[in-house]
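Chemist: I have a structure here, written as structure tokens, and I will follow up with some questions on it.
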């Protein structure tokens with residue numbers, strides 16, 4: 001396998017590769033790509049490329065549909081940076097409630113005065129804040145990060161409300177039973193003093209599913225006066241123009257964002273953090289290890305775990321002479337055509353795993369004989385097949 005890195009990837013992850021995995025600079029020759037934040041939407045992908053692994057959770061920098069159409073499996077690393085983001089969210093809560101930044105900046109303006117201590121005691125009242133204990137926090141999105149934030153805030157004495165119509169079984173098990181699980185976002189808008197966002201960016205005509213600019217004039221009007229909004233998930237979850245108006249009229253007390261842009265970076269009342277959510281040594285190490293392990297398992301065994309454009313599929317380690325992996329459209333009669341192709345070549349299928357996700361599907365076939373290029377060509381010629389790969 002040849003792999004290429006579009007961004008620096010922690011060595012603790014790259015060390016998992018062995019002598020059969022060759023790092024190259026020429027992306028067009030790579031079987032797999034590791035990436036963090038590099039923009040890939042304008043890239044041309046060669047027929048060699050089989051997989052892209054994002055060392056992080058967000059995949060907005062990767063053209064998922066284009067990759068799916070070319071049979072390129074895209075992985076991410078959900079949860080690997082969750083603790084790092086959780087800690088920064090808690091820090092954001094403190095910064096917003098206690099005016100720590102204002103106080104620190106003020107001290108710098110008086111540091112050269114002869115009696116700094118007296119000046120501090122005289123002027124500190126301007127920076128008095130509020131405690132978060134006993135306040136209500138709404139967590140929208142109870143994935144790997146949202147659950148950690150909810151549990152941590154609960155332990156800090158906050159009354160925590162959680163909303164996620166698609167909560168996973170694992171997240172539900174990990175969520176403290178003290179968290180109030182609400183059925184609508186409106187309940188959070190109405191009840192909470194602080195609201196923190198932990199959802200993916202989804203554009204959908206259904207307002208209960210759509211998350212793009214979910215914080216807007218209409219939803220802000222439903223919130224308490226003086227609410228604090230924290231966004232450590234995606235920039236476009238919040239309408240910049242509407243949050244600016246709400247900050248000016250006092251409806252929103254503070255907006256804490258990890259995604260400053262040309263507009264929010266200049267706004268009064270915004271605490272803009274330079275995208276530091278996952279910027280810890282531990283998070284970068286965890287993401288690198290997880291991304292590389294997923295790539296290796298995919299290349300060597302054909303297994304898919306944590307893909308964002310193809311279904312998860314676990315066929316285990318191949319114990320037969322041959323294994324073939326097929327990316328294809330999720331349409332009728334595909335499996336019958338695969339079986340027919342192998343039968344026509346007098347090749348016996350010993351085991352099969354096939355999974356689907358939306359418009360796409362993925363099938364792994366273990367066969368009695370070693371796979372050859374003639375079989376691959378026959379499978380590739382079937383209408384609806386996007387990529388065929390000999391795993392063994």
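Chemist: Looking at the stretch 133-144, which of its residues are at pLDDT 95 or above and surrounded by 21 or more Cβ atoms within 10 Å (Cβ to Cβ)?
Modeler: We begin by selecting, within the stretch 133-144, every residue at pLDDT 95 or above; these are 133-142.
Scanning the stretch 133-144 gives 137, 138, 139, 140, 141, 142.
Chemist: Looking only at residues in the stretch 88-113 that are touching a residue at least 60 places away in the same chain (Cβ under 8 Å) and farther than 15 Å from residue 131 by Cα, which one is surrounded by the fewest Cβ atoms within 10 Å (Cβ to Cβ)? Outline the logic, then answer.
Modeler: Initially, the stretch 88-113 is screened for residues touching a residue at least 60 places away in the same chain (Cβ under 8 Å), giving 88-90, 92-93, 95-97, 101.
Next cut, farther than 15 Å from residue 131 by Cα only: 88-89, 101.
Details: 88: 22, 89: 27, 101: 12.
Residue satisfying both the conditions and the ranking: 101.
Chemist: Can I ask one more? For the stretch 1-72, give me every one of the strands (runs of 3 or more DSSP E) that falls completely inside it and has 2 or more residues that are free of Cβ contacts under 8 Å to residues at least 24 places away in the same chain and touching a strand residue (DSSP E or B) at 6+ places or on another chain (Cβ under 7 Å). Lay out the reasoning, then the answer.
Modeler: Values: elements: 2-5, 32-35, 51-54.
Ranges flagged: none.
Chemist: Of the numbered conditions (1) surrounded by fewer than 18 Cβ atoms within 10 Å (Cβ to Cβ); (2) not assigned by TED's automatic domain parsing to the domain that holds residue 1, residue 293 satisfies every one except a single condition; which is it?
Modeler: Answer for residue 293: the failing condition is (2).
Chemist: Mind listing whichever residues of the stretch 246-265 are part of a helix (DSSP H, G or I) and over 12 Å from residue 228 (Cβ atoms)? Before you say what the answer is, go through the steps one by one.
Modeler: Going through the stretch 246-265, the residues part of a helix (DSSP H, G or I) turn out to be 246-249, 264-265.
248, 249, 264, 265 - these are the residues of the stretch 246-265 that are part of a helix (DSSP H, G or I) and over 12 Å from residue 228 (Cβ atoms).
Chemist: Just checking, which of 331, 243, 326 is at pLDDT 95 or above and part of a strand (DSSP E or B)? Please lay out each step first, then the result.
Modeler: On the way: 331 fails: part of a strand (DSSP E or B); 243 fails: part of a strand (DSSP E or B).
Exactly one residue qualifies, and that residue is 326.
Chemist: Got a number for residues in the stretch 212-240 being within 26 Å of the chain's Cα centre (by Cα) and either farther than 27 Å from residue 144 by Cβ or part of a helix (DSSP H, G or I) (or both)?
Modeler: Summing the residues that are within 26 Å of the chain's Cα centre (by Cα) and either farther than 27 Å from residue 144 by Cβ or part of a helix (DSSP H, G or I) (or both) in the stretch 212-240 gives 6.
Chemist: Can you tell me which condition residue 311 does not meet? The list is (1) assigned to a loop (DSSP other than H, G, I, E, B); (2) crowded, with 20+ Cβ neighbours inside 10 Å; (3) touching a strand residue (DSSP E or B) at 6+ places or on another chain (Cβ under 8 Å), and all the others hold.
Modeler: Here residue 311 meets the rest and fails (2).
Chemist: So which of 85, 116 ends up being free of Cβ contacts under 8 Å to residues at least 12 places away in the same chain and out of contact with any strand residue (DSSP E or B) (no Cβ under 8 Å at 6 or more places or on another chain)?
Modeler: One residue alone meets the criteria, 116.
Chemist: Taking the stretch 245-258 as the search range and keeping residues that are in contact with a helix residue (DSSP H, G or I) (Cβ under 8 Å, 6 or more places away or on another chain), without any contact (Cβ under 8 Å) to a residue 60 or more places away in the chain and surrounded by 19 or more Cβ atoms within 10 Å (Cβ to Cβ), which one is farthest from residue 279 (Cα to Cα)?
Modeler: 246
The values are calculated or read from the model by the stated rules, or taken from the named source; none is laboratory data. Here the structure is a predicted model, which is why all the values come from computation and not from measurement. All Cβ positions, glycine included, derive from the backbone under ideal geometry; neighbour counts span all protein chains shown.
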